[in-house]
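**Student:** Shown below is the structure under consideration.
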Amino acid sequence: MRLFKNISLQQLWTGAADTFRNYPFVLLSAFLGTAAAIYRIELPFEEQDQYPQLEKLMLVSALGLILSFDLELLVRRYKMRLGKRVALWLVGLVLLILYYWLLESPVEEKQFLRFLMLLLALHLAASYVMFLNRREENAFWQFNKVLFLRILTAALYSAVLFVGIAVAVVALDQLFSVEVPDDIYPELWVFMVGVFNTWFFLAGVPTHVQELEQTHLYPKGLKVFTQFVLLPLVSLYLLILYAYFGKILVQWEWPEGWVSVLVLCFAIAGILSLLLIHPIRFEQGNNWIRIYARWFYRALFPLLILLVLAIWRRISEYGITEQRYVVLALAFWLLCTALYFLLSRSKNIKFIPVTLSLVAVLAAFGPFNAFLVSERSQVNRLDELLQQSEVLVGGQVQPQHPQVNEQIEQEVSSIVDYLARYHDFEELEPWFQQDLDSALAVATDSLDNRWAKRFEQRNVVMNLLHMEYRTAYVSGGEQYLYFTSMEGAGARIPLDIRGYDYAFLYFDEGGPEGEREVSKTSFELDGKAFEVSLDKERGKLIFRTESETLQLDLLAVVKELEKKQQQYQQEQADMTFVVTGADAQVKVVLHELQAIKKEGYRLSNVRGHLFVRLGEQNN
């Protein structure tokens with residue numbers, strides 16, 4: 001009872017109300033984004049593309065949340081009156097409305113990547129926006145320490161509450177037979193992350209800079225975490241990377257592209273550890289911190305060379321993409337950071353978030369941003385490949401050109417696929433005698449799904465190049481073939497079940513089970529055994545009743561679909577088959593069909609609906 005006496009609902013309500021008054025637009029953005037996400041979850045999957053404004057609203061709300069937070073920190077720091085505060089709100093609101101208006105419907109991958117860069121820049125700005133033109137380094141560190149711990153605490157509370165409430169909902173379902181919709185769990189998670197987590201975090205944000213500057217509290221747990229968790233990881237990464245660097249020098253070979261991930265992990269963990277122990281670097285007995293700081297940045301230089309070599313190899317072979325641009329930008333930023341902390345006398349830790357946010361903004365919106373540079377690189381690479389194959393002569397695509405070998409055809413397919421996903425084909429327009437925009441519009445106007453449109457655009461361009469689309473190769477010269485009838489308008493076409501007694505979903509995917517040569521699934525229909533098996537090696541979908549065996553040759557289906565030169569999206573009618581026997585008839589509506597091509601064909605993934613009719617008159 002004493003525990004409940006110590007809990008004041010009035011105090012909780014007052015604290016929540018004060019937080020809302022301090023950060024009204026932050027919480028309103030959280031409410032709006034959460035509501036949009038929950039509404040989208042309620043929609044059937046095949047209808048979500050009909051409401052692109054929900055996705056746009058979620059992105060704008062996420063930006064509005066952090067932008068409003070940054071603006072409120074400015075208000076607190078400079079003690080702005082209500083008039084200036086309202087003016088900042090209006091500026092932020094205008095920027096968000098403009099961003100919403102500029103976003104395309106639906107949101108393309110390029111726009112989503114730009115959104116992530118902007119979101120990163122705004123999050124980083126929150127760490128230093130209260131300390132512009134000021135040297136209050138201790139206050140800066142203390143402020144970000146509180147934010148860091150508050151983020152962890154809010155995440156812990158949100159996760160525990162979600163699990164607790166979810167278990168309670170399951171208990172109602174299991175013990176009292178209360179019907180609980182499946183959507184309640186993702187909706188509950190969205191609410192916890194969007195509303196509760198945000199509100200809880202904001203309640204603990206410090207705003208008095210002068211008090212922070214005079215505060216010298218350092219949690220012992222941070223030192224323990226850094227010294228016994230982060231630093232051992234940094235040392236482990238360092239040993240692995242230097243051993244690999246030695247291997248490269250001995251064998252004189254190019255580094256693997258994956259090494260860039262490990263170098264970035266090493267740099268992030270090392271810089272984070274330095275930031276966490278920054279305030280105690282001059283305390284007695286902590287000489288090791290200053291030694292670690294000096295040698296960390298020196299040890300980073302050879303690894304940056306390794307990073308640049310690894311990514312440059314990929315760029316020299318396949319050109320620049322947004323992902324490779326980001327790696328190069330981070331390598332340049334790490335170089336500047338290492339030089340600053342080695343050569344500068346001040347060594348102000350604000351340099352890290354300020355410069356990284358600047359890199360993020362320039363990568364998203366600068367004159368040489370990631371998207372512009374990547375598109376130019378890929379178009380130039382496509383130009384070289386087509387000229388090399390004599391497909392492009394004098395700046396014009398030739399209707400009749402020599403046979404293009406498979407490797408170049410695959411590389412061209414990869415570039416065209418990339419342009420369809422991330423950009424457009426405006427740069428290719430002068431290459432064709434036909435009006436490319438009109439050809440693309442005619443092919444995609446009837447499609448209302450973004451993926452289907454991209455696939456069809458890619459197919460149109462490949463046809464105009466008079467080349468066959470070839471999917472990407474993996475190790476050993478394998479080629480993945482993938483077909484689906486679930487994209488676009490076809491996803492909403494009702495399935496005809498007339499004349500059948502049973503219907504069920506069938507799927508056989510990869511993984512430990514999917515690797516078996518023959519997988520089997522058994523059912524009981526009308527008290528009789530009915531077995532479905534997939535022989536991946538022979539490519540047969542086999543149906544067994546007590547009296548007969550029926551087969552559908554899926555490899556023949558794959559080969560027929562491959563001839564159409566239209567990967568991915570297929571008409572439902574082209575993926576629907578009926579197998580008839582004396583005592584049973586099975587209708588197969590394939591939703592997904594995937595195979596691996598290497599010398600021969602092998603099935604890897606089958607998903608679809610099966611409709612079964614049992615009886616003697618099936619012909």
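The values are calculated or read from the model by the stated rules, or taken from the named source; none is laboratory data. Please read these numbers as outputs of a predicted model, since none were measured by experiment. All Cβ positions, glycine included, derive from the backbone under ideal geometry; neighbour counts span all protein chains shown. For the accessible areas, the whole protein counts, side chains as well, though only heavy atoms, and no ligand, DNA or RNA atoms are used. Shrake-Rupley method; radii C 1.70, N 1.55, O 1.52, S 1.80 Å.
**Student:** How much accessible area per residue does the chain have, counting only protein heavy atoms and a probe of 1.4 Å, in square angstrom?
**Tutor:** On the way: 33240 Å² over 619 residues.
Here the per-residue accessible area is 54 Å².
**Student:** For the ranges 174-184, 147-157, what's the packing order if you count other beta-carbon atoms within 10 Å of each residue, average per peptide, and put the highest first?
**Tutor:** Ranking the peptides 174-184, 147-157 by packing returns 147-157, 174-184.
**Student:** Only Lys, Arg, Asp and Glu count, each charged at its Cβ (+1, +1, -1, -1), so figure out the dipole size of the chain about its Cα centre, rounded to 20 debye. Each step should come with its number before you reach the end.
**Tutor:** Working: 56 positive and 68 negative charges, 899 e Å.
The calculated dipole for the chain is roughly 4320 debye.
**Student:** What FRET efficiency do you get for residue 45 and residue 152 if R0 is 35 Å and r is their Cβ-Cβ distance, rounded to the nearest 0.05? Intermediate values should be presented prior to the final figure.
**Tutor:** Values: r = 34 Å, r/R0 = 0.96.
Step by step, r from the Cβ atoms, then E = 0.55.
**Student:** Could you tell me which of 121, 107, 43 has its Cα farthest along the dipole of the range 11-213 towards the positive end, charges placed at Cβ (Lys, Arg +1; Asp, Glu -1), taken about the Cα centre?
**Tutor:** Value: 121.
**Student:** Kindly state, to the nearest 0.05, the FRET efficiency for residue 123 paired with residue 53, given R0 = 30 Å and r defined as their beta-carbon distance. Walk me through the intermediate numbers first.
**Tutor:** Numbers: r = 25 Å, r/R0 = 0.83.
So, using R0 = 30 Å, E works out to roughly 0.75.
**Student:** Also: Take 78, 325, 297 and sort them by solvent-accessible surface of the protein heavy atoms, 1.4 Å probe, largest at the top. If you can, show how the numbers build up before the last one.
**Tutor:** Values: 78 95, 325 45, 297 10 Å².
Ranking 78, 325, 297 by accessible area, largest first, yields 78, 325, 297.
**Student:** Given 310, 222, 428, which one lies farthest toward the positive end of the charge dipole of the chain, if we put +1 on the Cβ of every Lys and Arg and -1 on the Cβ of every Asp and Glu?
**Tutor:** The one lying farthest along the dipole's positive direction is 222.
**Student:** At 222 nm, what helix-only mean residue ellipticity would the chain give, in deg cm²/dmol to the nearest 500, using -39500 (n - 2.57) for each DSSP H run of four or more?
**Tutor:** Working: 22 runs with 352 residues, N = 619.
Value at 222 nm, helices only, nearest 500: -19000 deg cm²/dmol.
**Student:** Lys and Arg at +1, Asp and Glu at -1: add these up for the other residues within a Cβ distance under 13 Å of residue 307 and post the number.
**Tutor:** Working: positive: 313, 314, 324; negative: 256.
Neighbourhood net charge equals +2.
**Student:** As an exercise, take the mean of 1/r over every pair of distinct alpha carbons in the chain, invert it, and state the Kirkwood radius in angstroms.
**Tutor:** 29.3
**Student:** How much length is gained if the chain between residue 443 and residue 347 is pulled fully straight, taking 0.36 nm per residue apart and subtracting their Cα-Cα distance, in nm to one decimal? Walk me through the intermediate numbers first.
**Tutor:** Details: separation 96, 0.36 × 96 = 34.56 nm, distance 5.80 nm.
Taking residue 443 through residue 347 to full extension adds about 28.8 nm, to one decimal.
**Student:** One quarter of the convex hull surface, Cα atoms only: what value does that give for the range 170-263 in nm²?
**Tutor:** Numbers: hull surface 53.5 nm².
Value for the range 170-263: 13.4 nm².
**Student:** Need the C-alpha centroid separation for the range 528-600 versus the range 191-226, integer Å.
**Tutor:** That distance is 58 Å.
**Student:** In the range 11-213, what is the volume of the convex hull around the alpha carbon atoms, normalised per residue and reported in Å³? Display every interim value, and only then the final one.
**Tutor:** Numbers: hull volume 28.2 nm³, N = 203.
So the per-residue Cα hull volume is 139 Å³.
**Student:** Ok, one more. Only four residue types carry charge here, +1 at the Cβ of Lys and Arg and -1 at the Cβ of Asp and Glu. Report the dipole size of the range 11-213 about the Cα centre in Debye, rounded to the nearest 20. Mind dumping the intermediate values first?
**Tutor:** Numbers: 15 positive and 20 negative charges, 294 e Å.
Roughly 1420 debye for the range 11-213.
**Student:** On to the next question. Which value, in Å² and to the nearest 10, is the accessible area of residue 145 when all protein chains are kept and the probe is 1.4 Å?
**Tutor:** 30
**Student:** So, one more: Would you give the gap between the C-alpha center of the range 390-454 and the C-alpha center of the range 6-84, rounded to a whole Å?
**Tutor:** 42
**Student:** Taking the Cα centroid of the range 102-139 and of the range 328-343, what is the distance between the two, rounded to the nearest whole Å?
**Tutor:** Comparing the Cα centres of the range 102-139 and the range 328-343, I get a distance of 20 Å.
**Student:** When the accessible area of the chain is split by element with a 1.4 Å probe, what percent falls to carbon and sulfur?
**Tutor:** Working: 20170 of 33240 Å².
Using a 1.4 Å probe with all protein chains present, the chain comes out at 61 percent carbon and sulfur.
**Student:** Now for a different question. So, R0 is 25 Å and r is the distance between the beta-carbons of residue 405 and residue 323; what FRET efficiency does that work out to, to 0.05? Working shown, then result.
**Tutor:** On the way: r = 27 Å, r/R0 = 1.10.
So the FRET efficiency works out to roughly 0.35.
**Student:** If a/c stays under 1.5 just call it rounded; otherwise compare a/b with b/c (prolate if a/b is bigger, oblate if not). Do that for the range 372-465, with a ≥ b ≥ c from the square roots of the Cα gyration tensor eigenvalues. Please list the in-between numbers first.
**Tutor:** Working: a/c = 1.65, a/b = 1.43, b/c = 1.16.
Note, shape of the range 372-465 comes out prolate.
**Student:** Could you compute how fast the range 220-368 diffuses translationally, taking Rh as the Kirkwood radius over C-alpha pairs and applying Stokes-Einstein at 25 °C with viscosity 0.890 mPa s? Give it in µm² per second.
**Tutor:** Working: Rh = 16.5 Å.
The Stokes-Einstein estimate is 148 µm²/s.
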